[in-house]
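Beneath this line is the structure, given in structure tokens, with notes to follow.
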Amino acid sequence: RSQMAEAFAHIHGGEDILAFSAGSSPSGTINPKAIKVMKELGYDLTLHESGSLDILPPYEYDYLIQMGCGDRCPYIKSRHIEDWNIPDPKDMDMEEFREVRNLIESKVKDILKRK
């Protein structure tokens with residue numbers, strides 16, 4: 001989910017947006033379904049990495065987007081924190097996976113409008 005959000009920030013935000021994705025429990029690999037559904041939109045998600053929060057540069061971020069980590073969410077300095085509570089689509093069929101992808105894209109576009 002976070003790699004798709006980062007991808008949409010790059011797609012819709014352009015060069016003015018610096019976006020990072022990381023997880024509290026990364027698998028170390030990008031879900032092949034995520035690669036496939038992003039490729040359908042012309043984006044190569046294989047250029048991304050599945051990394052932990054330790055890889056994040058020590059910035060004060062404008063937005064920190066959490067995706068349902070609840071109490072496990074670590075503290076990261078940011079001006080705005082949002083929890084999108086988006087379900088993990090890893091076990092979903094492709095149609096449901098696309099719905100999650102589209103939801104993430106919609107939420108990224110909404111943040112970019114507020115920026």
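Scanning segment 97-115 for residues being open to solvent by 80 Å² or more (accessible area, probe 1.4 Å) and among the acidic types (Asp, Glu) gives a total of 1.
Residue check: is Ser21 of a type in the set (S, T, N, Q) and open to solvent by 30 Å² or more (accessible area, probe 1.4 Å)?
On the way: of a type in the set (S, T, N, Q): yes; open to solvent by 30 Å² or more (accessible area, probe 1.4 Å): no.
In short, no.
When you check Ala7 against the structure, is it touching a residue at least 12 places away in the same chain (Cβ under 8 Å), small (Gly, Ala, Ser) and not in a loop (DSSP other than H, G, I, E, B), yes or no? For Ala7, the condition - touching a residue at least 12 places away in the same chain (Cβ under 8 Å), small (Gly, Ala, Ser) and not in a loop (DSSP other than H, G, I, E, B) - is met.
Please state which one of Gly68, Gly42 is surrounded by 12 or more Cβ atoms within 10 Å (Cβ to Cβ), without any contact (Cβ under 8 Å) to a residue 24 or more places away in the chain and in a loop (DSSP other than H, G, I, E, B).
On the way: Gly42 fails: surrounded by 12 or more Cβ atoms within 10 Å (Cβ to Cβ).
Going through Gly68, Gly42 in turn, the sole match is Gly68.
Within segment 89-110, residues that are more than 18 Å from Gly68 (Cβ to Cβ) have Cβ atoms under 8 Å from residues that are surrounded by fewer than 16 Cβ atoms within 10 Å (Cβ to Cβ) in these pairs: Met94/Lys36; Arg98/Glu40; Lys109/His12, counting only partners at least 6 apart in sequence or on another chain.
The values are calculated or read from the model by the stated rules, or taken from the named source; none is laboratory data. Values in this document were obtained by computation on a predicted structure and should not be read as measured data. With ideal geometry, Cβ positions are generated from the backbone for all residues, glycine too; neighbour counts draw on all protein chains shown. SASA here: full protein model, heavy atoms, side chains in, ligands and nucleic acids out. Shrake-Rupley method; radii C 1.70, N 1.55, O 1.52, S 1.80 Å.
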